[in-house]
Amino acid sequence: MTLTVAEIDKISREIRDYYRQESATVQIQKIRGNFYEQVKEAMESLEEMAKDNISPDTIDLYRKIMDKKDMMEKNLRNFLLKRYEKILRDSLFEIGSTVLEKLTPEEKIFIMNMHNQMQDILEKIIKPSRVQEPAASLETVVQGEYENESTEKDQIRDEQARVGQSISEPMIPVVITADYLPVATSAGDFYLHRNDIVYLPEKAAEIITSRSFGRQAMI
């Protein structure tokens, strides 16, 4: 969908506002969940406008469009560098709901991937003799706020299949010590919150406890 000039200008102002907010504070700030989607639409719309005005008769308009696009790219780059600097910093520690609620779906995936990579590095250095579980054995998932109906149906079928496959898998009681994004396991999706006690499949429980997000409960 091609945006209008007014819509593009609104998004451009939003980029500058978000950059000022991030620059003025130490903590990461909340942004709209679909912010990146609309920024992408604005950039694509400017590209389409530029293509439509490559001719000697419209060269002045073409230059104005490209200047607008260049300025938006510059502001967006500054914003992303400032914001992702904070996301990378926060990924080094336990990630609580206070941080997660301020991130977009794309950023939630990014911060958890970075956090898991850092935890793996720490484990390899601190406990080099310990056998590492492959990352794919516990898939971190983010429930998108803008999923369409077909995707939701696919997820339901996948969950039903996972439940059917996990009937004989041992379940271990775990006390959750830090908030964690929803995780998909062979027994279904689990939403982990600090101080919860949940029964997890044995392999999933081992990974959660090894990464200091929980400890085995004595029940």
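Can you tell me which condition residue 94 does not meet? The list is (1) out of contact with any Phe, Trp or Tyr (no Cβ under 9 Å at 6 or more places or on another chain); (2) closer than 30 Å to residue 210 by Cβ, and all the others hold.
Checking residue 94 against (1) out of contact with any Phe, Trp or Tyr (no Cβ under 9 Å at 6 or more places or on another chain); (2) closer than 30 Å to residue 210 by Cβ, the one that fails is (1).
Applying the selection to segment 87-128, what residues are in contact with a His (Cβ under 9 Å, 6 or more places away or on another chain) and either under 19 Å from residue 196 (Cβ atoms) or aromatic (Phe, Trp, Tyr) (or both)?
Answer for segment 87-128, where residues must be in contact with a His (Cβ under 9 Å, 6 or more places away or on another chain) and either under 19 Å from residue 196 (Cβ atoms) or aromatic (Phe, Trp, Tyr) (or both): 93, 94, 95, 97.
Scan segment 133-140 and give yes if some residue there is under 12 Å from the mean Cα position of the chain (by Cα), farther than 30 Å from residue 44 by Cα and either at pLDDT 95 or above or not small (Gly, Ala, Ser) (or both), otherwise no.
Scanning segment 133-140 turns up at least one residue that is under 12 Å from the mean Cα position of the chain (by Cα), farther than 30 Å from residue 44 by Cα and either at pLDDT 95 or above or not small (Gly, Ala, Ser) (or both).
Within segment 50-79, take every residue that is among the aliphatic types (A, V, I, L, M) and within 31 Å of the chain's Cα centre (by Cα) and give me the one that is farthest from residue 102 (Cα to Cα). Don't jump to the end; show me each part of the working.
In the first step, residues of segment 50-79 are kept if they are among the aliphatic types (A, V, I, L, M); the result is 50, 54, 59, 61, 65-66, 71-72, 76.
When the remaining residues are screened for being within 31 Å of the chain's Cα centre (by Cα), the result is 66, 71-72, 76.
Values: 66: 32, 71: 26, 72: 23, 76: 18 Å.
Checked segment 50-79; the qualifying residue farthest from residue 102 (Cα to Cα) is 66.
Looking at segment 65-121 only, could you name the residues that are of a type in the set (Val, Ile, Thr), closer than 30 Å to residue 3 by Cβ and touching a helix residue (DSSP H, G or I) at 6+ places or on another chain (Cβ under 8 Å)? Walk me through it before giving the result.
Within segment 65-121, the first condition is being of a type in the set (Val, Ile, Thr), and the residues that meet it are 65, 87, 95, 98-99, 104, 109, 111, 121.
Now narrow it down to the ones that are closer than 30 Å to residue 3 by Cβ: 65, 87, 104, 109, 111.
Within segment 65-121, 65, 87, 104, 111 meet the criteria.
Output the residues belonging to segment 1-30 that are aliphatic (A, V, I, L, M) and touching a helix residue (DSSP H, G or I) at 6+ places or on another chain (Cβ under 6 Å).
Of all residues in segment 1-30, those aliphatic (A, V, I, L, M) come to 1, 3, 5-6, 8, 11, 15, 24, 26, 28.
The answer is 3, 8, 11, 15, 28.
Is segment 11-18 home to any residue that is at pLDDT below 95 and surrounded by 14 or more Cβ atoms within 10 Å (Cβ to Cβ)?
No, every residue in segment 11-18 fails to be at pLDDT below 95 and surrounded by 14 or more Cβ atoms within 10 Å (Cβ to Cβ).
Just wondering, is there one or more residues in segment 67-78 that are surrounded by 15 or more Cβ atoms within 10 Å (Cβ to Cβ), more than 25 Å from residue 104 (Cα to Cα), out of contact with any strand residue (DSSP E or B) (no Cβ under 8 Å at 6 or more places or on another chain) and in contact (Cβ under 8 Å) with a residue 40 or more places away in the chain?
Taking every residue of segment 67-78 in turn, at least one turns out to be surrounded by 15 or more Cβ atoms within 10 Å (Cβ to Cβ), more than 25 Å from residue 104 (Cα to Cα), out of contact with any strand residue (DSSP E or B) (no Cβ under 8 Å at 6 or more places or on another chain) and in contact (Cβ under 8 Å) with a residue 40 or more places away in the chain.
State all residues of segment 1-36 that are within 29 Å of residue 91 (Cβ to Cβ), charged (D, E, K, R) and in contact with a Ser or Thr (Cβ under 9 Å, 6 or more places away or on another chain); if no residue qualifies, say none.
Selection gives 32 alone.
List the helices (runs of 4 or more DSSP H) inside segment 32-121, counting only whole elements, that have at least 3 residues being of a type outside the set (A, V, I, L, M, F, W, C) and under 25 Å from residue 12 (Cα atoms).
Of the helices (runs of 4 or more DSSP H) lying wholly inside segment 32-121, those with at least 3 residues that are of a type outside the set (A, V, I, L, M, F, W, C) and under 25 Å from residue 12 (Cα atoms) span 35-52, 59-91.
The values are calculated or read from the model by the stated rules, or taken from the named source; none is laboratory data. Just so it is clear, the model here is predicted, and its values are computed rather than measured. Virtual Cβ from ideal backbone geometry, glycine too; neighbours counted across all protein chains shown.
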